[in-house]
1. Can you give me the P(r) profile for the range B:1-62? Cα pairs, bins 10 angstrom wide beginning at 0, each as a whole percent.
2. So how strong a dipole does the range B:57-113 carry about its Cα centre when Lys and Arg Cβ are +1 and Asp and Glu Cβ are -1, to the nearest 20 debye?
3. Would you mind working out the accessible area per residue for chain B, using a 1.4 Å probe, and quoting it in Å²?
4. Within 10 Å of each Cβ of B:95-106, how many other protein chain Cβ atoms are there on average?
5. Suppose we compare each residue of the range A:87-112 in its chain alone and in the full protein complex with a 1.4 Å probe; which ones drop by at least 30 Å² of accessible area?
6. Binning at 10 angstrom from zero up to the longest distance, how are the C-alpha pair distances of chain A distributed in percent?
7. Would you mind telling me the share, in percent, of accessible area of chain B contributed by carbon and sulfur at probe 1.4 angstrom?
8. When you look at the Cβ of every residue in A:25-33, what mean number of other chain Cβ atoms sits within 10 Å?
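The values are calculated or read from the model by the stated rules, or taken from the named source; none is laboratory data. Since this is a predicted model, take the numbers as computed values, not measurements. Here the Cβ positions follow ideal geometry from the backbone for every residue, glycine too, while neighbour counts run over all protein chains shown. Only protein heavy atoms, including side chains, enter the accessible area calculation; ligands, DNA and RNA are left aside. Shrake-Rupley method; radii C 1.70, N 1.55, O 1.52, S 1.80 Å.
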Amino acid sequence: KNQVEQSPQSLIILEGKNCTLQCNYTVSPFSNLRWYKQDTGRGPVSLTIMTFSENTKSNGRYTATLDADTKQSSLHITASQLSDSASYICVVSAYGTYKYIFGTGTRLKVLA
Amino acid sequence: NAGVTQTPKFRVLKTGQSMTLLCAQDMNHEYMYWYRQDPGMGLRLIHYSVGEGTTAKGEVPDGYNVSRLKKQNFLLGLESAAPSQTSVYFCASGLTGVNTEAFFGQGTRLTVV
């Protein structure tokens, strides 16, 4: 069964600190992996997208990594800001389908 | 540049009532999707469309119907609302399939009492 699991479920950090969110997937055949940021009461917004051949992708202070062999991805946030408080969702697509498989997200709270 | 717009943003329905959620996109995207988001669960696909005049079932289609009469609009209908349909509904669109960017609307919070 195609699944995407994220950890931790929630995380609290102080402003200025770094953090890393994890995503494990069992989607096959793999097409691509995305990280989305979802602010409270809003729709998800794409941060990065990686295909099988890509190991890392950055978007400002956000850096995503992908290990296709172990089927793991991480999202690293550098020098966190209050505005980073949100849910971060890992989404994996299976090749040849029209569907995205969503993780349940990691809820991040950044404190001043 | 509006992107993906959902109407309404909030709605309260009584059990058995019907309603239609509207999704409009101005990016000329072929693919459109309806998802529901429930606490502790990832977004789940209700129905999707790969082009004007086409619709297909997702993983949780029961109790919902959809129509894509115009390329820019994707309508989600609830014929007889049930409390189990209380959720936040998101529409998304993409230029083609899963290899392209998916853009989401701001969501519709629906409560069925």
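1. 17, 45, 34, 4
2. Values: 5 positive and 4 negative charges, 46 e Å.
Rounded to the nearest 20 debye, it is 220 debye.
3. 46
4. 5
5. A:TYR98, A:LYS99, A:TYR100, A:PHE102, A:THR104
6. Result, from short to long distances: 15, 49, 29, 6, 0 percent.
7. In chain B, the share of accessible area belonging to carbon and sulfur is 53 percent.
8. Working: counts 0, 0, 0, 0, 0, 0, 3, 3, 0.
Mean inter-chain Cβ contacts per residue within 10 Å come to 1.
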